[in-house]
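Student: Let me give you the structure first, and then I'll get to my questions.
Any read-out appearing in this document is the output of simple, stated calculations on the displayed coordinates, not a laboratory observation. Computed from a predicted model, the values in this text were never measured in an experiment. Reconstructed Cβ throughout: ideal geometry from the backbone, glycine too, with neighbour counts over all protein chains shown.
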Amino acid sequence: MIPLTEKDIRACFVNATKREVSQATLPDLDSLDWENLDYLGWQDRKAPLSAYAIVVLDGTPTGILLRAARPSSSTLRRKGVCAWCEDIVETNDVSLYAARRGGPLGRRGDTIGTLICTDFRCSRNVRRTPTRAEAGSDVESVREEIVARRVAGLRERSARFVEEVASTR
């Protein structure tokens, strides 16, 4: 992920109003490990059901505003797999996020949703050491290949979702 400034972040959203963008609480940008991020995602500390994700599409940061589903007693007990990182180990902390589409579709109320790691830890998940089930008995020799495949998959799936949100058709 390319390092972003506050100005870069606030200028890149495709499905949020200027007011929503100006009120967003940003993460501590200086503390981020930009080299090991495949996208920037965070929950708003002041508005717990609001979250944001920024993916680089064709060299340009493209951000989306996400809304988390309200937790209920039945959803708190369910396990799920993040649609972006597809991690098979972390299945307890996945949330349903919905994003208003960009342009006229979004103004009419169209949304699209997906399951994403609640705390947006996908970049860490795809870089974890492969399990024996994933790599067989020779974990070290195939680790880099498995991790590279996971990273590519995460980048492709997150970009596809953001492109779908940004699409005006």
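Student: From the residues in the stretch 10-49 that are surrounded by fewer than 20 Cβ atoms within 10 Å (Cβ to Cβ) and among the small types (G, A, S), which one is farthest from R101 (Cα to Cα)?
Tutor: Applying the filter and picking the extreme gives S31.
Student: Restricting attention to the stretch 144-163, and to residues there that are aliphatic (A, V, I, L, M) and surrounded by 14 or more Cβ atoms within 10 Å (Cβ to Cβ), which single residue is farthest from R127 (Cα to Cα)?
Tutor: Filtering the stretch 144-163 for residues that are aliphatic (A, V, I, L, M) and surrounded by 14 or more Cβ atoms within 10 Å (Cβ to Cβ), the one farthest from R127 (Cα to Cα) comes out as V162.
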